[in-house]
Amino acid sequence: HAKAIATYVRERANGLIPTIVLRCPSRTLEFIPNLDVQAGGSVRFGTLRVPKANIQDLNIVDGQHRVLGLDYAVRDLGEERMKLKSEISDANETGNSIVKKELEGALSIIEEQLSRISRERVTAQIVIVDSIKEFKQIFVDMNDTAKGVKLSQVIEFDSSNPLYQASIKLAEHPLFSGKTEREKNIVGDSSADLVSLANLFQFVRAS
């Protein structure tokens, strides 16, 4: 899943990375309020600093795959950039201008992706809790009870996958039109539908 996120971050310039939830004990972070910015109630704006000596106190509650995916993306891009620069140097030495131009084009794409990722900002929500028992409960509550998005809904909304688009077109065929479940993965016994979008996707993928 993390590798899929890494690919998503690299290829989707207008992509979205949801909030990452972190946990840390009290007196771990340093908050410097900005008195020039006023807010109502107990809301305060300012700068939150994480001392390097306390970085190990931050734990991920939700967003492990997102964090790892970002790490994969930066690491892989760095390795690819280094490899391309070496190959460009070799092509330059041998005087192979055609190969050099192709490699320089690939390097330009890698550089653009790295530059874009370096400018990305991801929202973080930090839960301050000292009790390890309470932290473990929060972790279980968020990761065990959260509902995943059904495949049928993913197919309905994801316009980037050609197999998903083919599944939707198949659902519009007279055989399945008006008889396809578009939210759930499984058709219930009492349903008038014949198949779900997830079922049609399996047909398309097998074909």
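The values are calculated or read from the model by the stated rules, or taken from the named source; none is laboratory data. The structure presented is a predicted model; accordingly, all values stated were derived computationally and were not measured. Cβ placement follows ideal geometry from the backbone for every residue including glycine, while neighbour counts extend to all protein chains displayed. Surface accessibility is based on the protein's heavy atoms, side chains included, excluding ligands, DNA and RNA. Shrake-Rupley method; radii C 1.70, N 1.55, O 1.52, S 1.80 Å.
Below is a table of values for the structure above.
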quantity: Residue pairs meeting the criteria (Cβ under 8 Å; at least 6 apart or on separate chains; first at positive phi, in region 190-207; second modelled with pLDDT of 95 or more); calculated: none
quantity: Residues (exposed (fewer than 13 other Cβ atoms within 10 Å of the Cβ), among the aliphatic types (A, V, I, L, M) and within 14 Å of Ala166 (Cβ to Cβ)) located in region 190-205; calculated: none
quantity: Any chance Leu114 is within 17 Å of Gly15 (Cβ to Cβ), open to solvent by less than 80 Å² (accessible area, probe 1.4 Å), among the hydrophobic types (A, V, I, L, M, F, W, C) and touching a residue at least 12 places away in the same chain (Cβ under 8 Å); calculated: yes
quantity: Number of the exception - Asp193 against (1) in contact with a strand residue (DSSP E or B) (Cβ under 9 Å, 6 or more places away or on another chain); (2) at pLDDT below 90; (3) acidic (Asp, Glu); calculated: (2)
quantity: Residue in region 39-49 that is touching a Phe, Trp or Tyr at 6+ places or on another chain (Cβ under 7 Å) and open to solvent by 50 Å² or more (accessible area, probe 1.4 Å) present; calculated: yes
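Every residue, every condition in (1) exposed (fewer than 13 other Cβ atoms within 10 Å of the Cβ); (2) more than 24 Å from the chain's Cα centre (by Cα); (3) in a helix (DSSP H, G or I), yes or no:
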{"site": "Glu102", "(1), (2), (3)": "no, yes, yes"}
{"site": "Leu107", "(1), (2), (3)": "no, no, yes"}
{"site": "Ile126", "(1), (2), (3)": "no, no, no"}
{"site": "Lys133", "(1), (2), (3)": "yes, yes, yes"}
{"site": "Val140", "(1), (2), (3)": "yes, no, yes"}
{"site": "Ile155", "(1), (2), (3)": "no, no, yes"}
{"site": "Lys169", "(1), (2), (3)": "yes, yes, yes"}
{"site": "Gly188", "(1), (2), (3)": "yes, yes, no"}
